[in-house]
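The values are calculated or read from the model by the stated rules, or taken from the named source; none is laboratory data. These figures come from a predicted structure and were not determined experimentally. Note: ideal-geometry Cβ built from the backbone for every residue, glycine included; neighbour counts use all protein chains shown.
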Amino acid sequence: MRHKWSIARRLFVAHLLFMLALTATVGTATFIDARDHAYDEAGRRMSGIATAIADNPLVLQAAASPDPSAVLQPYALHVMSDADADFITIMAPDRTRWTHPRDEELGKPYIGSIDAALKGQIFTEITAGTLGPSVRTIAPVKDQSGNVKALVAAGVTVRTVDVAVSGRLPALLAIAFALLVGGSVASWLLGRYLRNVTRGWGPEQLAQLFAYYESVLHSVREGVILIDPKGRVVMYNDQAAELLGLTPRPSGADPGDAALLRDLPLAPSLKDLFESGRAAQDEIHLAGPRVLVVNQGPAVGPASSAGRQRPAVFGTVATIRDRTEIESLGSELETMRTLSDALRAQTHEHANRLHTIVSLMELGRADEALDFATKDLELSQQLTDEMVGAMEEPVLSALLMGKAAEAHERGVELGLQANSTAGTAGVAVQDLVTILGNLLDNAIDAAADAPAPKWVELSVESGVRGVDITVEDSGRGIDPGAMDDVFRHGFSTKASGAYGRGLGLALVRQAVHRLGGTVAITNPRGAHFHVFLPAAGTTKETS
């Protein structure tokens, strides 16, 4: 049962027990203090009475008489009544009582300490006598020479003092009760707050849940980042640190030490998304060399059990997936699709030419059919030789052949200028496919939408320093006001609903920057893109 109690219940019970113990301790201490104070006050009062009687000349005179009791007993009873004392005993130095509230005690020895009084000192004590325990003061009666001739003891029984203390008990009990009630109410309010915050879970459950969450956060393949309403990054897991280029956050770190979002080295688009707190679903963002897919939503707490309060929003939580490899595979797939489209176009064109040759043969024009077939073969072989001879890399040759066939099918003339040894200069062919493929796609689209003549010029030069790539088209060019936005992810001049729009040139810039190269845009006739990629092992050229 102990492990099933929530933190709120445990705190309430512990606080209630503490308040009970505190109330009992404070009440007992207050009662003892009040009793001691009452005893001290009774002692001071009895000291005054005993001293006043001892200073009365009547007592000294009576002590020298043959029968002191005859004179002192009535006097002592009268003073005892007026002073509200339980007893006044006047005695001889040898303890013989001359006065006592009970006549039968006269002449008997006094019970109590008198040594200090015999030395001329006044002292107070609590001791038991014939009337029971009492607070009493003994004062000496001295003659003119300072000799002790008699002793005066004035006292009040402990029972009487306790009765006086008991009169204060209602006030003490009221204070103790108020303290107990106030502490219980405070415990209940605090317990209610904790119950809402912890959802009624116990510390063992919370510790187990925290361990599970920590294990999940640090084992999932997706990045997770939590941002509070003040713009502080409260938590992120190892995968998020790797994807975003952040320093790994230790397990169980104090949320109060969270870094501000604006101080983290995040990509601008990601920082804008996280700062806005808006909901996002499968948004693509470029972060350095990575293509990331981000989902974001509010971190909402549970609503109150009564349903009267709205759920609390503790910030936003975002999940991040790495799509870099998928984009790389997509580029390769796009290359294969381009080749497939080229083959389809060539097949369609070859079928038309074959039908022409067959028709000429059926008309009996064999010589013309042979001449047509020979010239067509020469043109096809010339195009193949130009593309293959211009590029050492077979993958790039295949890409360019496919793009040439696609351009031809769309009525665009694709021209290629390349030196005979235009290799890759150590640059990964996958990156070249990404850069060339996307630049040619945009150029062919721009030229196809423009009035005739429609053309695209590609120049590739490779040397010791690196690779120079120039792509120019006969399109309408780029709006000068949009030069800074061309490479931004999501920007496109094409139809807004097209799939994948606004990503191609962003991937080009990402690849160029990752390789340490430069990219520039001008508008001499149409759009003119110039890309320089330094050879592997060389330093980055300043643009």
Given the residues Lys375, Lys403, which is the only one that is modelled with pLDDT under 70, in a helix (DSSP H, G or I) and among the basic types (Lys, Arg)? Lys375
Subset of the range 477-488, residues over 45 Å from the mean Cα position of the chain (by Cα), buried (at least 16 other Cβ atoms within 10 Å of the Cβ) and of a type outside the set (Gly, Ala, Ser), comes to Ile478
Please enumerate the residues belonging to the range 78-118 that are in a helix (DSSP H, G or I) and touching a strand residue (DSSP E or B) at 6+ places or on another chain (Cβ under 8 Å). Val79, Met80, Ala83, Glu105, Ala116, Ala117, Leu118
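Being modelled with pLDDT under 65 and loosely packed, with under 15 Cβ neighbours inside 10 Å narrows it down to one residue among Ser304, Ser340, Ser331, Ser359; which is it?
Details: Ser340 fails: modelled with pLDDT under 65; Ser331 fails: loosely packed, with under 15 Cβ neighbours inside 10 Å; Ser359 fails: modelled with pLDDT under 65.
After applying the criteria, what remains is Ser304.
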Select from the range 523-543 the residues that are touching a Gly at 6+ places or on another chain (Cβ under 9 Å), modelled with pLDDT of 80 or more and under 16 Å from Asn442 (Cα atoms) and write down the one among them that is surrounded by the most Cβ atoms within 10 Å (Cβ to Cβ). Val531
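Only one residue in Pro394, Pro451 is out of contact with any strand residue (DSSP E or B) (no Cβ under 8 Å at 6 or more places or on another chain), at pLDDT 85 or above and loosely packed, with under 14 Cβ neighbours inside 10 Å. Which one? Even if it seems obvious, please write down each step before you answer.
Values: Pro394 fails: at pLDDT 85 or above.
Of Pro394, Pro451, the one residue that is out of contact with any strand residue (DSSP E or B) (no Cβ under 8 Å at 6 or more places or on another chain), at pLDDT 85 or above and loosely packed, with under 14 Cβ neighbours inside 10 Å is Pro451.
Restricting attention to the range 278-299, and to residues there that are among the small types (Gly, Ala, Ser) and in a strand (DSSP E or B), which single residue is surrounded by the most Cβ atoms within 10 Å (Cβ to Cβ)? Spell out the reasoning first.
Kept after step one, since they are among the small types (Gly, Ala, Ser), are these residues of the range 278-299: 279-280, 287-288, 297, 299.
Keeping just the survivors that are in a strand (DSSP E or B) gives 280, 287, 297, 299.
Details: Ala280: 18, Ala287: 21, Gly297: 14, Ala299: 16.
Looking at residues that are among the small types (Gly, Ala, Ser) and in a strand (DSSP E or B), I get Ala287.
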Take the conditions in a helix (DSSP H, G or I) and either surrounded by 15 or more Cβ atoms within 10 Å (Cβ to Cβ) or in contact (Cβ under 8 Å) with a residue 60 or more places away in the chain (or both) and apply them to Gly27. Does it pass? yes
Filter pass, Ala38 being touching a Pro at 6+ places or on another chain (Cβ under 8 Å) and assigned to a helix (DSSP H, G or I): no
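Considering Val148, Val158, which residue is of a type in the set (Val, Ile, Thr), at pLDDT below 70 and more than 30 Å from Ala240 (Cβ to Cβ)?
On the way: Val148 fails: at pLDDT below 70.
Going through Val148, Val158 in turn, the sole match is Val158.
Is at least one residue of the range 486-502 outside the structural domain of Ile284 (by TED's automatic domain parsing) and at pLDDT 80 or above?
Checked the range 486-502: no residue is outside the structural domain of Ile284 (by TED's automatic domain parsing) and at pLDDT 80 or above.
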Quick one: is Gly245 at pLDDT below 75 and surrounded by 12 or more Cβ atoms within 10 Å (Cβ to Cβ)? no
If Met46 satisfies all but one of (1) out of contact with any Gly (no Cβ under 6 Å at 6 or more places or on another chain); (2) touching a residue at least 24 places away in the same chain (Cβ under 8 Å), what's the number of the condition it fails? (1)
Within the set of pairs 6 or more residues apart or between chains, which connect a residue that is under 9 Å from Pro101 (Cα atoms) and in the same structural domain as Arg102 (by TED's automatic domain parsing) inside the range 67-90 to a residue that is of a type in the set (Val, Ile, Thr) and part of a helix (DSSP H, G or I) with Cβ atoms less than 8 Å apart? Ala76/Ile53; Asp86/Thr160; Ile88/Ile49; Ile88/Ile53; Ile88/Val79
Out of the residues in the range 503-513 that are surrounded by fewer than 21 Cβ atoms within 10 Å (Cβ to Cβ) and among the aliphatic types (A, V, I, L, M), which is modelled with the highest pLDDT? Val512
Pairs with Cβ under 6 Å, 6+ apart, first in the range 411-429 and of a type in the set (Lys, Arg), second assigned to a loop (DSSP other than H, G, I, E, B) and modelled with pLDDT under 80: none
